[in-house]
C-alpha cells in the first residue's frame, strides 16, 4: 500500500490556523441563511398610554407652595390673628362675617344677592318679587355652611346637600364617585398647608365633575372651610370680602396660588376692619344705652352686632319684643346716632349700626 502524504507542514514558521479563524470561514460558507435583521424606522402611530394618576397634580402645587413660602406664612399669620380675635369675641361676630362673605360670594355666579335681601331671607324666609328664590336658596346654603356644621372632609355629598337624581342613567358617573375622587386627591395632599390645599381643591373642582352649570359658589365655600380647618375660632377663611380676584382661574399652580394668597390676605384684613368697627360701635352703644331699662335695648344691641343689616320685622322676631317696643328703641338709637336708616323709604326700612 502506498503511504498517503502528511497534511502537516514541516515549516514551523507558518502560523497554525486557529479555531476562531476556522469558525469564521465556516460561517462565510453559510450563504443560504438570512442576514442580520436591520432596524427599520418606527412610522406607526403611538398606542394608548397609561394616564397619570389623579394625585400627580400634587407635585405642581407642592412646588408652588415652596415658591411662595414666605407669602404663605404671612397670610397664615393674618388668618391666625383673625382666628384668635373670633375665639375671644362674641358668637355673633362669626355670623356677621358669614353673611357678608356669602353675599360677596354670590357675585361669582352672577346672583348678586345684597346683604339686606340675604338677611331677610335667612331670618324670615322673605323675598321680593324681583328676587330669584333659587339664588337666595344657594346663598342661604352658603351662610349655613360658613357658620358651622361638619366640614367637607367628613361627607362631601352631605356638605353640599346634594344627591343623585332617582332617574340617573346607569352609565352616568355617580356623585359619590366624583366626590370620592376629589377627596382622595385632597387626602393625598395632606402634607400641603391647608391654605394651599384649599386653593388646589378650588381649582380642581370642575375637573372632578363637581361643578353644576358653572356654579363656583360651592367650590369657594368648600375651599374656605378647608383653609380654616386647623383654626378654632374662625370657621372659614374669608375669600371674597376684599374682592374675588383670588378666585380667578388660569395659569400654572404658582400663579394661581399667588392670586389666591393676595385675595385671601385682602379678605382677612377687610374682615378684621369689620370687627374693629363693630367692636367700637358695641362699646359706644353700651355706654349710650346704659340709662335705658328693659331687655329690648340689650337684645336689640346684640342683633345689630350679629347682623350687618336689619329691618323692624327682623328685630321683632330676633329679640322677641313687640313691634312697638322695637320701633321705639330704634327711634331712640337713631336719635343717639347709633344706627342709620339706609333704605330712605317710609316702609320696609333697613337699618345698620353706626353713622
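Annotations
- Within segment 223-246, tally of residues that are assigned to a helix (DSSP H, G or I) and within 20 Å of residue 86 (Cβ to Cβ): 5
- Selection over segment 203-222 of residues that are in contact (Cβ under 8 Å) with a residue 60 or more places away in the chain and not in a helix (DSSP H, G or I) gives a count of 4.
- Some residue of segment 232-243 being under 17 Å from residue 154 (Cα atoms) and surrounded by 23 or more Cβ atoms within 10 Å (Cβ to Cβ): yes
- Test result for residue 194, under 13 Å from the mean Cα position of the chain (by Cα), surrounded by fewer than 24 Cβ atoms within 10 Å (Cβ to Cβ) and either more than 17 Å from residue 105 (Cα to Cα) or without any contact (Cβ under 8 Å) to a residue 12 or more places away in the chain (or both): yes
- Failed item in (1) within 20 Å of residue 111 (Cα to Cα); (2) at pLDDT 95 or above, with residue 265 passing the rest: (1)
- Filtering segment 90-127 to residues that are part of a loop (DSSP other than H, G, I, E, B) and either in contact with a helix residue (DSSP H, G or I) (Cβ under 7 Å, 6 or more places away or on another chain) or not assigned by TED's automatic domain parsing to the domain that holds residue 228 (or both) leaves 90, 111, 112, 113, 114, 126, 127.
- Inter-residue pairs, beta-carbon under 8 Å, first outside the structural domain of residue 269 (by TED's automatic domain parsing) and in segment 62-78, second crowded, with 18+ Cβ neighbours inside 10 Å and at pLDDT 95 or above, 6+ apart: none
Rundown of residues vs (1) modelled with pLDDT of 85 or more; (2) touching a strand residue (DSSP E or B) at 6+ places or on another chain (Cβ under 9 Å), yes/no style:
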| site | (1), (2) |
| --- | --- |
| 99 | yes, no |
| 102 | yes, no |
| 110 | no, no |
| 117 | no, no |
| 124 | no, yes |
| 128 | no, no |
| 132 | no, no |
| 137 | yes, no |
| 141 | yes, no |
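- For residue 216: the one exception among (1) at pLDDT 95 or above; (2) under 19 Å from residue 100 (Cβ atoms): (1)
- Any helices (runs of 4 or more DSSP H) falling wholly within segment 294-355 and containing at least 1 residues that are in contact with a strand residue (DSSP E or B) (Cβ under 6 Å, 6 or more places away or on another chain) and either surrounded by 14 or more Cβ atoms within 10 Å (Cβ to Cβ) or assigned by TED's automatic domain parsing to the domain that holds residue 97 (or both): 296-306, 323-335
- Contact annotation: residue pairs with Cβ atoms under 8 Å, 6 or more positions apart or on different chains, pairing a residue in segment 300-316 that is free of Cβ contacts under 8 Å to residues at least 12 places away in the same chain with a partner that is surrounded by fewer than 22 Cβ atoms within 10 Å (Cβ to Cβ) and part of a helix (DSSP H, G or I), are 316/323.
- Any hit, segment 266-274, residues being surrounded by fewer than 15 Cβ atoms within 10 Å (Cβ to Cβ), farther than 26 Å from residue 186 by Cα and free of Cβ contacts under 8 Å to residues at least 24 places away in the same chain: yes
- Any hit, segment 148-156, residues being modelled with pLDDT of 80 or more, outside any loop (DSSP other than H, G, I, E, B) and surrounded by 13 or more Cβ atoms within 10 Å (Cβ to Cβ): yes
The values are calculated or read from the model by the stated rules, or taken from the named source; none is laboratory data. Source: prediction; values computed, not measured. All Cβ positions, even for glycine, are placed from backbone atoms using ideal geometry, and neighbour counts span all protein chains on display.
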